[in-house]
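Worksheet for the structure shown next.
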Amino acid sequence: MLSKVIPVADWRTLPLDRTAPDLSGPAVSPSGVLADARVRPLRDLRISVTDRCNFRCIYCMPKESFGKDHLFLPHGDLLTFEEIERIAKVFVAHGVEKIRLTGGEPLLRKNIEFLIERLAQIRTPRGTPLDLTLTTNGSLLTRKAAALKAAGLTRVTVSLDALDDALFRGINDVDFPVADVLAGIDAAREAGFGPIKVNMVVKRGSNDHEIVPMARHFRGTGVVLRFIEYMDVGSSNGWRMDDVLPSSEVVSRLSTIFPLEAIAPGYRGETAERWRYVDGAGEIGVISSVSHAFCGDCTRARLSTEGKIYLCLFATQGYDLRSLLRNPQVDDAGLATAVARIWQGRDDHYSQQRSEAGAQGNERRGSDAPRVEMSYIGG
């Protein structure tokens, strides 16, 4: 998946255009329901636990930008497990029901099982457990799957962009074999995870010939394969509209070989459009992040490794929550107020704006503001 690489801005050192709101006004107590400016509820929180990754995928963390001399965050800048647990409880009190751990590669975070144990004990205002999930490149799953399950992880999603070994090694750009990722998926199944999801980012002319082989491989296994349109996240991947293969074409290609029928979404805000095999061999999903905006039902907030909250995957600005977490004068009520005011002011709908602008406006955002990188806040 070769592409022109554009130098990235270092999101860890850029000044924030937004700051945590003033806490001097009336407190906002959690009620379990929190809506933004577009009446979208807060339901999902994605937490990046590390900025490090052992892959150098050329559409996410290319070597040209994340080489041997790249300086990752010092450990003291990362949110501690205690801090993550504390802020997670605040978000859950406001209505979050699903937490996804991301990175970088989250399994590189030392003792990640201890964090999962803490988060697994949190209950929603209705007393129900969280949907606690994790997205991984699968490289460490053979060693970690059983421990993750024992710690209380609910589900796991594996990123896998090709079955062809040579192509996969080229995509991850560290010569990692596809067989080891497939072994990790098997280990997750043996540990009792299900349904496991596999995410394939599809780039026209690069790996789109792998769509049918991927579907054939996972059909009938209980694994849900999801095809994701190549997105214009950040500035490091040299994104062009010509590289996007619309989800409709993915479905069309598969349907000619494996007849499909559409099925209803599982919940409000589900990003994947679901299809099942007519012969009962399982289901697939397509995430049309470019061709069909789903901003209207977006219920997600994203917490970066060092505690900045972003309200959109395509954000150019964030809010610093770490300073509040480490301020002894800010209690949980203050944190709850800060989160509420941030979310209530949210009006982000970038994908919808891009769609309205049309294909001509897709090459560039129309702003020179640096865009947050996917490797910084997770997908």
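Read the figures in this text as sums done on the coordinates, not as results from a lab. No experiment lies behind these values; they were computed from the predicted model shown. Because the Cβ atoms are built from the backbone with ideal geometry, glycine has one as well, and the counts that use them run over all protein chains shown.
The residue among Met200, Ile171, Ile257 whose Cα reaches farthest toward the positive pole of the charge dipole of region 165-267, with charges on the beta-carbon of Lys, Arg, Asp and Glu, is Ile257. Here region 66-136 is assigned +1 on the Cβ of each Lys and Arg and -1 on the Cβ of each Asp and Glu. Its dipole about the Cα centre then comes out at about 200 debye. Under 25 Å of direct C-alpha separation, and excluding same-chain neighbours fewer than eight residues apart, Lys149 reaches these lysines: Lys89, Lys98, Lys110, Lys197. The chymotrypsin sites (Phe, Trp or Tyr not before Pro) of region 258-292 that DSSP puts in a loop, and whose beta carbon has at most 15 other beta carbons within 10 Å, are Tyr267. Computing Rg and the Kirkwood Rh from the Cα coordinates of region 147-242 gives a ratio, Rg/Rh, of 0.99. Distance between the C-alpha centres of region 180-235 and region 245-266: 15 Å, rounded to the whole angstrom.
Among the trypsin sites (Lys or Arg not before Pro) found in region 71-130, those both in a DSSP coil and sparsely packed, with 15 or fewer other Cβ atoms within 10 Å of their Cβ, are Lys110, Arg126.
The trypsin sites (Lys or Arg not before Pro) of region 302-337 that DSSP puts in a loop, and whose beta carbon has at most 16 other beta carbons within 10 Å, are Arg326.
Once Rh for region 44-377 is found with the Kirkwood sum over Cα pairs, what is the Stokes-Einstein diffusion coefficient at 10 °C and 1.306 mPa s, in µm²/s? D = 77 µm²/s.
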